[in-house]
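A short worksheet on the structure shown next.
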Amino acid sequence: MATRVAVALGSVVVLAGLLACRPTAAAPLAHREVLPNGIVLLVAERPAVPIVAVRVLTRAGAVYDPADRAGLASLTGAVLTRGTAKRTGPEIDSAIEFVGGSLEAGAGRDNLTVSLTAQKKDLILGLDLVSEVVLSPAFPEAEVARKVSEIQAAIKRSEEDPGTVAARALARLVFQGHPYGVPVEGTRESVARLTRDDVVKFYREHARPDTTIIAVVGAVTVDEARREIMARFGSWARPADPLPLVAAPTASASTKEETIKRELTQTTLMFGRQAISQTDPDYFPLAVASYVLGGGSASRLYTRVREESGLAYAVYSWVSPWRHGASFAVSAQTRTVEVPKVVVMIREELARMGREPVAERELALARQYLIGSFPLRLDTSGKVADFVVAVEDRGLGLDYADRYKERIARVTAADVHRVAAKYFQPGTFGLVIVGETK
């Protein structure tokens, strides 16, 4: 399986966008229960869909990497499916591919996830493979070494992408002294230090049933799912050690700017600051404010910087919520000579959001887009499984889809103005510039 190199702050992580097309029913999206060993089991019955998606999420993400072992969670996720006590990696691949299914694993900022997709008739085989991967991974020495080389090569390639370079630098500025400021994939130097012993120790310490969520979505009943999950994971013992704690990031007392020289025909700018999580009531007006500022072709930044001034190839803003913190960012690409003008324009538009109420037309467009027009839909078992484990992990509740739509619809111009005045102050943003500097 190819390792996905996550980019800090570089991708738009707007979980709420997945909620746009939920039916208006008030019922939770899935059945929820807690198994005796602490596993949270979520089951969404979709009898008309012959495909079953399973997600096993455990809190073993990059936020738990030791300070001198950046990239350890990412490496662990990359080698999790490469062999178990019963099968080799190729044997696992062959077994799931023979029935037309898929089995993957990977780690992000907060969690490590194993993902299975299989036809209903092949679910028993799929769950057997999932349980082997989760409960008895072998982490073969040769596979660890191979993945280390692959990850280092991927990091080296990514260093040629100005957006990735800017995102990593901005994360360091926004989350100073916190694990969120370190790339999920680590650095070439930190990954070179990782060993199989590191992987084994990390997984043993962080993969545990009382921090694990299992979602089963598709042509399966609650009773079937409970029986099959208990048969495979019911004996997974809960450790006596307390759960690992992660401190919330603290805001820096001063903002910083960083310029990274690259010989390019255009320059990438990225502003960023810490924001608020999805459990904060202000998250909903913040999402609306972000869309008004830089969410699309009708946004203020796009209209002023690109359409009216012709100074940027792209300009946009987004909110990125995670389990232990969140960020708000603005990015633009422009000709090097125009960098000072674009920086001023972005700062002016940030300030204007907190100074002047948004127009009713802007507000209506943002609410309509966030509620009904986001392109991601909960139209497959896999998307539903991803969604329910995410809202469970973040403590949002399985009725979050309906609550989200209701709360976004209630956001007023006064709400947007209040939140923008608090979170869009230009002086609170760090700034990274990547390009041909003079």
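Looking at this structure, is E360 closer than 30 Å to T250 by Cβ and open to solvent by 10 Å² or more (accessible area, probe 1.4 Å)? Spelling it out, it is not the case that E360 is closer than 30 Å to T250 by Cβ and open to solvent by 10 Å² or more (accessible area, probe 1.4 Å). Among the residues of the range 166-220, which ones are within 16 Å of I260 (Cβ to Cβ), part of a helix (DSSP H, G or I) and either free of Cβ contacts under 8 Å to residues at least 12 places away in the same chain or open to solvent by 20 Å² or more (accessible area, probe 1.4 Å) (or both)? Within the range 166-220, R168, R172, L173 qualify.
When each of V389, V344 is tested for being over 18 Å from Y291 (Cβ atoms) and without any contact (Cβ under 8 Å) to a residue 40 or more places away in the chain, the lone residue that passes is V344.
Against the condition under 22 Å from the mean Cα position of the chain (by Cα) and basic (K, R), how does R157 come out, does it pass?
When the stated conditions are applied, R157 passes them.
Summed over the range 403-438, the residues that are in contact (Cβ under 8 Å) with a residue 24 or more places away in the chain and part of a helix (DSSP H, G or I) give a count of 19.
Rundown of residues vs (1) open to solvent by 10 Å² or more (accessible area, probe 1.4 Å); (2) within 30 Å of G108 (Cβ to Cβ), yes/no style:
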| position | (1), (2) |
| --- | --- |
| V288 | no, yes |
| V292 | no, yes |
| G295 | yes, yes |
| A298 | yes, no |
| S309 | yes, no |
| Y316 | yes, yes |
| S320 | no, yes |
| F328 | no, yes |
| V339 | yes, no |
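Within the range 237-262, residues that are in contact (Cβ under 8 Å) with a residue 40 or more places away in the chain and polar (S, T, N, Q) reach partners that are open to solvent by less than 80 Å² (accessible area, probe 1.4 Å) and in a loop (DSSP other than H, G, I, E, B) with beta carbons closer than 8 Å, at six or more positions or on different chains, in the pairs T250/H178; S252/Q176; T255/F429; T259/T437.
When V337, V288 are screened for being modelled with pLDDT of 95 or more, part of a helix (DSSP H, G or I) and within 29 Å of P162 (Cα to Cα), only V288 passes.
Among the criteria (1) under 30 Å from S331 (Cα atoms); (2) of a type outside the set (D, E, K, R); (3) touching a residue at least 12 places away in the same chain (Cβ under 8 Å); (4) surrounded by fewer than 22 Cβ atoms within 10 Å (Cβ to Cβ), the one A153 does not fulfil is (3).
The values are calculated or read from the model by the stated rules, or taken from the named source; none is laboratory data. Since the model is a prediction, treat every value here as computed from it, not as a measurement. Cβ sites come from the backbone with ideal geometry, for glycine too, and all protein chains shown count toward neighbours. We work out accessible area using only protein heavy atoms, side chains counted, and drop any ligands, DNA or RNA first. Shrake-Rupley method; radii C 1.70, N 1.55, O 1.52, S 1.80 Å.
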